[in-house]
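Below you'll find the structure, written out as structure tokens, and then a few comments.
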Amino acid sequence: MELTPDELAGVVDVVGPVTRATLVQACGELAFKRGDDVDSETVEAAIEGALSTYHLVDVADHDAEAAAPLIVVGPAAFPDIVEGVADLPHILDLPERDPSEETVAAAAERRFREDAAEAVRAGDDERIAELLDVSYDLEAWGPVELASARGLLDEATQTN
């Protein structure tokens, strides 16, 4: 079973913030309910892809006692609720988690700035263009200010 970034965001939207391991488990449960096979490596790759496109955001510092980062719906997502996902909260029986908007936005901003710096260093015009688009989504989504990072991305496209 393969899920698109928006379908993965739909899973997270329904079950709430989850660890990566729990998201892989949720996808396995969803595949079982749908009669599909699931390959954890494929799910892991899909999660990585959704994180890189900001359909999902991982938040490491959401709780001082947390052992693992949480994955939340990101600014580029249009969550797609696939068949069978509504039963997942009952199947998984997860604790209530509610990281603050500021914590989530700060994590997304840190990731964005790291990704932007890497794209500029690599001279990756395609990634720079993607990140420019994401920067507007991120600012509309959470309390972040990315004008300076966007300026560096713009400047990099003009020098490449």
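The values are calculated or read from the model by the stated rules, or taken from the named source; none is laboratory data. Keep in mind the model is a prediction, meaning the values are calculated, not measured. With ideal geometry, Cβ positions are generated from the backbone for all residues, glycine too; neighbour counts draw on all protein chains shown.
Applying the criterion of being hydrophobic (A, V, I, L, M, F, W, C) and assigned to a loop (DSSP other than H, G, I, E, B) to the residues of the range 65-90, the residue that is farthest from residue 102 (Cα to Cα) is 82. Taking the criterion of being β-branched (Val, Ile, Thr), in contact with a Pro (Cβ under 9 Å, 6 or more places away or on another chain) and surrounded by fewer than 18 Cβ atoms within 10 Å (Cβ to Cβ), the only residue of the range 15-50 that qualifies is 19.
Checked against (1) without any contact (Cβ under 8 Å) to a residue 40 or more places away in the chain; (2) assigned to a loop (DSSP other than H, G, I, E, B); (3) buried (at least 19 other Cβ atoms within 10 Å of the Cβ), residue 54 passes all but condition (1). Each residue in the range 1-58 was checked for being among the hydroxyl-bearing types (Ser, Thr, Tyr), more than 24 Å from residue 106 (Cβ to Cβ) and at pLDDT 95 or above, and 1 pass. In contact with a Ser or Thr (Cβ under 9 Å, 6 or more places away or on another chain) and either among the basic types (Lys, Arg) or over 24 Å from residue 4 (Cα atoms) (or both): is that true of residue 61 in this structure? Yes; evaluated as a whole, the condition is true for this residue. The C-beta contact set for the range 124-140 (first residue assigned by TED's automatic domain parsing to the domain that holds residue 112 and over 17 Å from residue 49 (Cα atoms), second residue basic (Lys, Arg) and at pLDDT below 95, distance under 7 angstrom, 6+ apart or interchain) comprises 132/150; 135/150. When residue 91 is tested against (1) surrounded by 16 or more Cβ atoms within 10 Å (Cβ to Cβ); (2) touching a helix residue (DSSP H, G or I) at 6+ places or on another chain (Cβ under 7 Å); (3) in contact (Cβ under 8 Å) with a residue 40 or more places away in the chain, only condition (1) is not met. If you check 114, 109 for being surrounded by fewer than 19 Cβ atoms within 10 Å (Cβ to Cβ), closer than 20 Å to residue 60 by Cα and outside the structural domain of residue 48 (by TED's automatic domain parsing), only one passes: 114.
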